[in-house]
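Visitor: Mind having a look at this structure? Questions to follow.
The values are calculated or read from the model by the stated rules, or taken from the named source; none is laboratory data. All values derive from a computational prediction rather than experimental measurement. As a convention, Cβ positions derive from the backbone with ideal geometry for all residues, glycine included, and neighbour counts pool all protein chains shown. Ligands, DNA and RNA are excluded from the accessible area calculation, which covers all protein heavy atoms including side chains. Shrake-Rupley method; radii C 1.70, N 1.55, O 1.52, S 1.80 Å.
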Amino acid sequence: MRGSLLLWFLLPLVPLVLWAAAERWSAPAVLPQRWGTAGWSAAAEAGAAPAFARSLLLGAAVAAIATPAGALAARALAHGLVHRSRLVSALLLAPVALPPFAVVMGLNVLLLRARVPALVGVVAVLVVAALPYTTYVLRVAYAGYDTSYEEEARLLGATPRAVWWRVRLPLLAPALAGAAFLAFLVGWSDYIVTVLIGGGRLVTYPLLIASAASGVGNEAVVAVLSLTSLLPPLALLLLAGASGLRGRGGRGRPSPAAAAAPAREVVVR
């Protein structure tokens, strides 16, 4: 079963790998007639490196803002700290339910009239688009979160900062990693928001791929850009998976006694 699933995901990448290494591949040939690195050179000349860096920074900015915001919203909803939680949940999920093109067009008019810089507007809209994912993932984590560990650590003398850093954060680390991964994907792979809100001044990797794909005879360049666009999500997916494994195994759950150790040392002294 795992082999079939892996084949299902890897099979579409085979033509991209072949095109990325081909300099000439015309029908009806099954394999390229001439191999080379012309596609890689053309992609570099088209500005792949700067666009790659911009998308990385955009995805990182969205993840850095949407993850803690989603954690706060999830904690408030899971612990019943807000009134009309169903209405708040519906509002948080609205960006997923509403048509993105229509919403972004309306926001674009508002941002232009408010004279918001293009980059700030793109980040703000993408953070709103990522909030439903981060909130949902972390709300599930908070629903199964055992607060007795924090209470035990406080009884042993741990400070609020020690409880947060040495108890709550390790327990929520897998969910935080998953939420950050989803938020990064929203910023990394976005096209519509960047085009409309950015106004063409912010050339990201998806925009560069779409521009190359719209032309004729750019198969090698499109293949190179498409393959390299998979690298950051795959790397983050491996990191998120490693974080989940560390949260489930290894040292196991954090010890409240370890969180309270600094406080006990102060008392002893």
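Visitor: Choose one answer from G70, G36, G59: the residue with the largest mean-square fluctuation in a GNM of the chain with alpha-carbon springs under 10 Å.
Guide: Maximum among the listed residues: G36.
Visitor: Students often check this: by mean Cβ neighbours within 10 Å, which of 88-101, 173-186 ranks highest, and how do the rest follow?
Guide: Numbers: 88-101: 13.4, 173-186: 23.1.
In decreasing order of mean packing, 88-101, 173-186 become 173-186, 88-101.
Visitor: Ignoring ligands, DNA and RNA, please state the percent of accessible area on the stretch 1-142 from carbon and sulfur, probe 1.4 Å. Write down the numbers at each step before the final one.
Guide: Working: 6670 of 9200 Å².
Ligands and nucleic acids excluded, carbon and sulfur give 72 percent.
Visitor: Rounded, prolate or oblate: pick one for the stretch 3-65, where a ≥ b ≥ c are the square roots of the eigenvalues of its C-alpha gyration tensor, a/c under 1.5 means rounded, and failing that, prolate if a/b is larger than b/c, else oblate.
Guide: Values: a/c = 4.70, a/b = 1.43, b/c = 3.30.
Here the stretch 3-65 falls in the oblate category.
Visitor: Give me Rg/Rg_expected for the chain, where Rg uses Cα atoms only and Rg_expected = 2.2 N^0.38 Å with N residues.
Guide: On the way: Rg = 23.3 Å, N = 269, 2.2 N^0.38 = 18.4 Å.
The value comes to 1.26.
Visitor: Could you let me know the centre-to-centre spacing of the stretch 28-82 and the stretch 116-158, using Cα atoms, in angstrom?
Guide: 21 Å
Visitor: Let me ask something else about it. Looking at the square roots a ≥ b ≥ c of the eigenvalues of the Cα gyration tensor of the stretch 63-199, which shape do they give, rounded for a/c under 1.5, prolate if a/b is larger than b/c, or oblate? List each step's numbers first, then the result.
Guide: Values: a/c = 2.67, a/b = 2.18, b/c = 1.23.
Prolate, since a/c reaches 1.5 and a/b exceeds b/c.
Visitor: Keeping all protein chains in place, calculate the accessible area per residue for the chain (probe 1.4 angstrom), answer in Å². Provide the component values of the computation, followed by the final result.
Guide: Working: 16260 Å² over 269 residues.
Value for the chain: 60 Å² per residue.
Visitor: Let me know the charge dipole size of the chain about its Cα centre in debye, to the nearest 20, where only the beta-carbon of Lys, Arg (+1) and Asp, Glu (-1) is charged. Working shown, then result.
Guide: Values: 21 positive and 9 negative charges, 148 e Å.
Charge dipole of the chain: 700 debye, to the nearest 20.
Visitor: Still on this structure, please answer the following. Taking only Cα atoms, what is the 0 to 90° angle, nearest 10, from helix 85-97's long axis to the longest principal axis of the chain?
Guide: Between helix and principal axis, roughly 10 degrees.
Visitor: Further question on the same structure: Among 202-213, 124-135, 224-235, how do they line up from the highest to the lowest mean number of other beta-carbon atoms within 10 Å?
Guide: Working: 202-213: 19.8, 124-135: 24.0, 224-235: 16.6.
The packing order, highest mean first, is 124-135, 202-213, 224-235.
Visitor: Still on this structure, please answer the following. Classify the stretch 53-131 as rounded, prolate or oblate from the Cα gyration tensor: take a ≥ b ≥ c as the square roots of its eigenvalues, call it rounded if a/c is under 1.5, otherwise prolate when a/b beats b/c and oblate if not. Walk me through the numbers before you get to the answer.
Guide: Working: a/c = 2.32, a/b = 1.45, b/c = 1.60.
Cα axes put the stretch 53-131 in the oblate bin.
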